[in-house]
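**Q** The structure under discussion is supplied below as structure tokens; questions concerning it will follow.
The values are calculated or read from the model by the stated rules, or taken from the named source; none is laboratory data. This one's a predicted model, so the numbers in the text were calculated from it and none came from an experiment. Cβ atoms come from the backbone with ideal geometry, glycine included; neighbour counts cover every protein chain shown. Protein only, heavy atoms only, side chains kept; ligands, DNA and RNA dropped before computing areas. Shrake-Rupley method; radii C 1.70, N 1.55, O 1.52, S 1.80 Å.
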Amino acid sequence: MSTSEVKQPTWLEKRVRQDEIDKYLVDGKDFIPQEEIPLLLERHKNPDAKQVRDLLDKSLAIQSLTPEETAVLLNVEDPQLLAEMKSASLKVKLKVYDNRIVTFAPLYLGSYCVNNCSYCGFKTDNINAERKVLTPSEIVKEVEALTGKIGHKRLIVVYGEHPRNDVDYIVSSIKTIYSVKAKVKGHESCIRRVNVNAPPFSIEDLKKIHDAGIGTYQVFQETYHLPTYRKVHPANTIKGNYRWRLYSMHRALEAGIDDVGIGALFGLADWRFDVMGLVYHSLELEERFGIGPHTISFPRLEPALNANMDQFSKTRVSDEDFKKLILVLRLAVPHAGMIITARESAQIRKEAIEMGITQTDASSNIGLGGYQKEKSAQDEKNQQFILGDTRSLEDVIAEFARMGYITSFCTAGYRCGRTGECIMELLRNGQEGKFCKLNAVLTFKEWVDDFASEETRKLSLPIIEREIAQIRQTNPQIFDLFMEYYRRIEAGERDLYL
Ligand code: SAM
Ligand code: SF4
């Protein structure tokens, strides 16, 4: 065969780089001990109350728990101890993140996908799914609606895995998003932070994504349980490669993305196994890179078009178990942000907030091109799965205000370099909450002035006043500067942060 006839690798063949898996293995093994996890869970059945309370003290000192200790908490059944876990979880959250809830919106940009995940509406075999990749002008319209009408400042952009929404598309779509400047009451409103939920990439591609100026890069392992992983992700697909996915955060950190988010899709395998998997993953990142995950996500399976949910009936996670897994994760990885999404019902989300959640979405529409439509019902042909809570951002903010929480649109962290090891240090020392409180108030004030109805304004202003009084006490050295910024925002300036 002459050189000109040498067969070039296809897009699919170039996707997984075996050397970018092998370099992280230790003696050929990855960091999820498949056989040991069930043994640990079995060994710690019927835990002793004193041991559980000691672990709560460890979490309250903002120290990560070991897998063994996590197995102890996963086995707690006693209602009194569960109540103590709940109270400790909320205390941990308040200590690390204060009483603020960060909000964002998902923006789906591409639904083409070469993979065939059995639970997903975008799987390649789903011939009834409508496929779409948003054009630059469609992206502009979506972003104008999100930031100009609803008031969002943070997005998570979501893509399937396909040459049509590959890395170059991801980079250019992010640039388009950042370029949109909407006008609201004479002020500028724009997206200040784009987080990304995308398939795993090579280090080379991740460097390009990093250079686009992203916030958090998320990839969910879906399940850490290898036999289940293989069952739901066919071997002849890219996603069928468990370890390519497992090391996506290692590659991201190596590419310079020092803000990463991990997650598992609960309901595929035994939920306890996947909590353990998340803890092993978090510890592995901390040990190797000195940076744990900035966020942990724990979506539960939702119905999707042509995804037969009966196949998961044995591993479905009940509401009670779901709440318990949130508590255990909150306590096991005390410095991590915890994200609950609009997949869950309004009631579950409300309860979860009292268990230490730090971030949630609102006004979510996961249909491609859905935000620019005046009123759009959920359309299973055009979305990955069906949402459980479609309340508006304003309704969610009003609920938080009634519960005493402040909604934060702060995006200062990554713009001031408070990411990576720096943010980990601040989180562990309980300093991050203080910093972010200032920016939470400034950004919430912007939203209230630009977007709140009279009723929501009345609910929100006392929260702002209470926070200002606290800042005066806890941050006297910076209080005058903070108040100067606050007044400038009141007078119409935007995007001031400390
Ligand atoms: N396609 C990329 C990937 O799989 O990595 C990007 C993310 S995908 C569009 C976003 C996430 O949605 C997946 O990682 C999975 O956890 C979740 N997901 C998929 N199907 C779901 C379903 N039926 N219910 C709830 N979440 C689902
Ligand atoms: Fe594709 Fe992601 Fe859906 Fe799997 S979960 S089919 S990779 S979009």
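**Q** Give me the percent of accessible area attributable to carbon and sulfur for the range 435-490, probe 1.4 angstrom.
**A** Carbon-and-sulfur percentage of accessible area, whole number: 51.
**Q** OK, next. For Leu107, which sequence-distant residues (separation of 5 or more, or a different chain) have an amide H within less than 5 Å of its own amide H, given hydrogens modelled in the peptide plane?
**A** Ile156, Val157, Val158
**Q** As a test, work out the antiparallel percent of DSSP beta bridges whose residues both lie in the chain, rounded to the nearest 5.
**A** 15
**Q** For Asp310 and Gln63 in one chain, what is 0.36 nm times their gap in residues minus the Cα-Cα distance, to one decimal in nm?
**A** Using 0.36 nm per residue and subtracting the Cα-Cα distance, I get 85.0 nm.
**Q** Here's another thing I want to ask about it. If you filter the range 276-364 for chymotrypsin sites (Phe, Trp or Tyr not before Pro), then keep DSSP loop positions with at most 10 other Cβ within 10 Å, what is left?
**A** Here no chymotrypsin sites (Phe, Trp or Tyr not before Pro) fit, given the DSSP loop and packing criteria.
**Q** Along the range 39-45, what does the Karplus equation 6.51 cos²θ - 1.76 cosθ + 1.60 (θ = phi - 60°) give for ³J(HN,Hα), rounded to whole Hz, x for Gly and Pro?
**A** So the J values, rounded to whole Hz, are 5, 4, 5, 6, 4, 9, 4.
**Q** Helix-derived [θ] at 222 nm for the chain: sum -39500 (n - 2.57) over DSSP H runs of at least 4, divide by residue count, nearest 500?
**A** -13500 deg cm²/dmol
**Q** What does the accessible area of Ser137 come to, in Å² to the nearest 10, when a probe of 1.4 Å is used?
**A** So the heavy atoms of Ser137 present about 70 Å² to solvent.
**Q** Let me check I've understood the local charge: for Thr315, count other residues with C-beta under 12 angstrom from its C-beta, Lys and Arg +1, Asp and Glu -1. What total comes out?
**A** Around Thr315, the charge tally is +1.
**Q** Sticking with this one: Give the lysines reachable from Lys123 as a straight Cα distance under 16 Å; neighbours fewer than 8 places away on the same chain don't count.
**A** Within reach: Lys132, Lys231, Lys239, Lys381.
**Q** Something else: Quick one: check the C-alpha center-to-center distance for the range 125-145 versus the range 333-386, whole angstrom.
**A** Cα centroid of the range 125-145 versus Cα centroid of the range 333-386: 18 Å apart.
**Q** With the Cα gyration tensor of the range 87-416 giving a ≥ b ≥ c as the square roots of its eigenvalues, does the rule (a/c under 1.5 for rounded; else a/b larger than b/c for prolate; else oblate) give rounded, prolate or oblate?
**A** Cα axes put the range 87-416 in the rounded bin.
**Q** Hey, what's the range 435-490 come to in accessible area per residue, 1.4 Å probe, Å²?
**A** 48
**Q** While we're on this one: Output ³J(HN,Hα) for the range 236-248: one whole-Hz value per residue in order, computed from phi by the Karplus curve 6.51 cos²θ - 1.76 cosθ + 1.60 with θ = phi - 60°, and x for Gly and Pro.
**A** 8, 10, 4, 5, x, 8, 4, 6, 4, 6, 4, 9, 5
**Q** Further, regarding this structure: Ordered by residue, what ³J(HN,Hα) values in Hz, to whole numbers, does the range 197-213 give under the Karplus form 6.51 cos²θ - 1.76 cosθ + 1.60, where θ = phi - 60° and Gly and Pro are x?
**A** 10, 9, x, x, 10, 6, 4, 4, 5, 5, 5, 5, 5, 4, 5, 6, x
**Q** Also, quick follow-up: Send over the Kirkwood Rh of the range 435-490, from the inverse of the averaged 1/r over different Cα pairs, rounded to one decimal Å.
**A** Averaging 1/r across every pair of different Cα atoms and inverting gives 11.5 Å.
**Q** Indicate the gyration tensor shape class of the range 76-164 (rounded, prolate or oblate), computed on the Cα atoms with a ≥ b ≥ c the square roots of the eigenvalues: a/c under 1.5 is rounded; otherwise a/b larger than b/c is prolate and the rest oblate.
**A** Verdict is oblate for the range 76-164.
**Q** Please state the shape class of the range 21-98: rounded when a/c is under 1.5, otherwise prolate if a/b exceeds b/c and oblate if not, all from the C-alpha gyration tensor.
**A** Because a/c hits 1.5 or more and a/b fails to exceed b/c, the range 21-98 counts as oblate.
**Q** Please give the charge dipole size of the chain, origin at the Cα centre, charges +1 on K and R Cβ atoms and -1 on D and E Cβ atoms. Round to the nearest 20 debye.
**A** Rounded to the nearest 20 debye, it is 740 debye.
**Q** Hey, another quick one. Taking the Cα of Glu138, stepping 7 Å toward and past its beta carbon, and measuring to each backbone N in the range 276-305: which are under 19 Å?
**A** 305
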